[in-house]
1. Within segment 446-504, can you find the residues that are touching a strand residue (DSSP E or B) at 6+ places or on another chain (Cβ under 7 Å), over 20 Å from residue 199 (Cβ atoms) and either modelled with pLDDT under 95 or assigned to a helix (DSSP H, G or I) (or both)?
2. Kindly provide the set of residues from segment 158-193 that are modelled with pLDDT of 95 or more, part of a loop (DSSP other than H, G, I, E, B) and surrounded by fewer than 13 Cβ atoms within 10 Å (Cβ to Cβ), ordered by number.
3. Could you go through segment 429-436 and let me know if any residue there is modelled with pLDDT under 95, under 26 Å from the mean Cα position of the chain (by Cα) and surrounded by fewer than 21 Cβ atoms within 10 Å (Cβ to Cβ).
4. Assess whether residue 302 counts as being modelled with pLDDT under 95 and outside the structural domain of residue 473 (by TED's automatic domain parsing).
5. Quick one: residue 555 ticks every box in (1) under 14 Å from the mean Cα position of the chain (by Cα); (2) outside any loop (DSSP other than H, G, I, E, B) bar one, so which box is it?
6. So which of 210, 151, 176 is free of Cβ contacts under 8 Å to residues at least 60 places away in the same chain and more than 26 Å from residue 557 (Cβ to Cβ)?
7. Somewhere in segment 373-381, is a residue at pLDDT 95 or above and under 29 Å from residue 479 (Cβ atoms)?
């Protein structure tokens with residue numbers, strides 16, 4: 001129906017007859033001449049319709065915002081003084097000769113032209129209208145360019161695009177599975193994959209050598225701004241390649257995608273051990289654009305009588321750390337109180353602080369309610385260790401190590417954003433040398449990544465000292481977001497069983513859940529490694545937004561619901577009977593309806 005997209009037109013089309021199809025973005029009537037800004041996915045173009053084309057003029061006169069029109073006319077330069085430099089098509093206009101109304105439109109619930117924020121719930125309920133907005137279309141077009149660039153790179157490196165099953169069985173990957181009842185196998189369930197982890201390992205055993213897939217994955221977990229119950233991974237696995245090889249090739253891929261799609265030079269990717277990241281930044285995904293660092297002061301606090309600091313300082317599982325903020329002494333008491341509430345989200349019971357007014361006057365030049373508990377000597381030793389200067393503020397965290405890391409790590413990022421402390425636009429890195437396991441609240445060990453990650457030690461050393469074992473895992477972090485994570489995999493049966501034993505997975509359960517994998521490892525499984533990128537999060541970063549729902553066409557809300565289609569919904573009794581499922585309702589909830 002169309003000859004050109006609206007946003008494609010420029011002076012090179014001068015004098016050509018074109019046919020445009022799209023939506024009326026804006027309509028203006030200037031002294032008997034009608035101007036229509038026609039919009040499609042590529043942009044907008046101005047159409048002018050004179051009264052001498054009576055039929056076209058009459059139809060244009062009736063057109064309103066979001067009407068769908070087909071217009072044929074001649075491209076011509078705009079009159080002198082009317083060029084619009086804010087539009088890619090701002091040097092030309094189309095003199096409309098024929099107008100066809102393809103469909104009328106009711107007044108939309110919010111304006112596309114001159115859009116103002118109406119709230120995410122309204123936008124998601126009318127997502128088909130929200131997606132007409134140029135900024136939303138730009139994000140999804142950019143997403144398409146990212147996936148195209150990824151495929152081009154992977155194909156060029158000899159990777160094969162292989163599909164893996166969506167209906168599979170539940171496996172422990174760190175989150176709850178979405179379960180799918182089977183009609184033909186009564187009482188049994190499929191699970192939607194949290195990742196294609198085991199299948200891509202089996203592909204390596206099968207000899208496919210280099211695999212990739214842009215694949216949907218599912219996790220039934222609590223949501224955040226950068227998480228969704230269904231998400232898309234760039235999934236990669238290779239044989240006969242170690243961690244250095246995988247990191248090298250995927251780093252090249254990400255650099256080329258950023259450069260090709262947005263002309264962004266990411267620069268070097270430094271490598272940082274997990275222990276260093278946690279010590280200096282309180283996070284395994286540190287934002288290196290922010291120059292603030294955590295400094296341990298437990299050795300100094302152990303000598304004070306103040307239990308708030310002394311207790312964690314003497315606790316082997318505790319931590320006392322300080323965070324110096326240059327220029328932070330200007331923060332008001334209300335701002336400090338707000339930051340105290342903020343760290344409480346992460347379990348911190350408070351936020352002690354010291355303002356540095358006149359360091360040359362010793363403790364008398366400092367301002368804080370806690371100095372009297374620390375004593376002048378300890379206070380000044382802390383200031384010396386932190387190299388505190390006039391105008392600084394020092395925040396303290398004292399609690400279990402996990403609480404301090406999470407609270408001060410999050411505070412560091414919030415201060416960086418609030419005070420605009422960023423020193424660069426992009427800060428990528430690799431975090432390496434992760435622990436194999438972490439301790440649960442019940443004192444048991446669980447896999448930090450997943451139970452198929454290879455340790456750096458032997459099976460015997462792993463069994464003897466599992467809590468101190470390191471893994472051959474690696475995470476790519478950009479601007480404080482983990483965009484990809486992977487590892488060298490276990491390719492020997494005895495090592496896989498050793499990991500299962502550490503995790504207290506009995507032999508019977510090993511066979512039931514992972515027998516197919518253990519069997520495959522017996523038949524010449526090659527050394528292999530891989531990595532999975534979160535495509536949604538990667539696109540979110542490239543777009544410069546901090547909400548993952550902005551780069552997904554039809555996302556779920558934070559309650560894992562779709563307000564557009566009203567999913568999840570109820571299922572009629574016939575379907576439930578076919579699946580041998582009966583809904584048990586809470587009596588209290590039933591009487592309230």
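1. 446, 448, 462, 466, 467, 502, 503
2. Once the filter is applied, which keeps residues that are modelled with pLDDT of 95 or more, part of a loop (DSSP other than H, G, I, E, B) and surrounded by fewer than 13 Cβ atoms within 10 Å (Cβ to Cβ), segment 158-193 yields 158, 163, 165, 167.
3. Step one: list which residues in segment 429-436 are modelled with pLDDT under 95, which gives none.
Checking segment 429-436: not a single residue is modelled with pLDDT under 95, under 26 Å from the mean Cα position of the chain (by Cα) and surrounded by fewer than 21 Cβ atoms within 10 Å (Cβ to Cβ).
4. Working: modelled with pLDDT under 95: yes; outside the structural domain of residue 473 (by TED's automatic domain parsing): yes.
Spelling it out, residue 302 is indeed modelled with pLDDT under 95 and outside the structural domain of residue 473 (by TED's automatic domain parsing).
5. Only one criterion in (1) under 14 Å from the mean Cα position of the chain (by Cα); (2) outside any loop (DSSP other than H, G, I, E, B) is unmet by residue 555, namely (2).
6. Details: 151 fails: free of Cβ contacts under 8 Å to residues at least 60 places away in the same chain; 176 fails: more than 26 Å from residue 557 (Cβ to Cβ).
Just a single option satisfies the conditions, and that option is 210.
7. Checking segment 373-381: not a single residue is at pLDDT 95 or above and under 29 Å from residue 479 (Cβ atoms).
Condition check ((1) buried (at least 16 other Cβ atoms within 10 Å of the Cβ); (2) touching a helix residue (DSSP H, G or I) at 6+ places or on another chain (Cβ under 7 Å); (3) without any contact (Cβ under 8 Å) to a residue 60 or more places away in the chain) across all residues:
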site	(1), (2), (3)
2	no, no, no
11	no, no, no
22	yes, yes, yes
25	yes, no, no
31	no, no, yes
34	yes, yes, yes
37	yes, no, no
49	yes, yes, yes
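The values are calculated or read from the model by the stated rules, or taken from the named source; none is laboratory data. Here the structure is a predicted model, which means the values were calculated and not measured. Here Cβ is always computed from backbone atoms with ideal geometry, including for glycine, and neighbour counts include all displayed protein chains.
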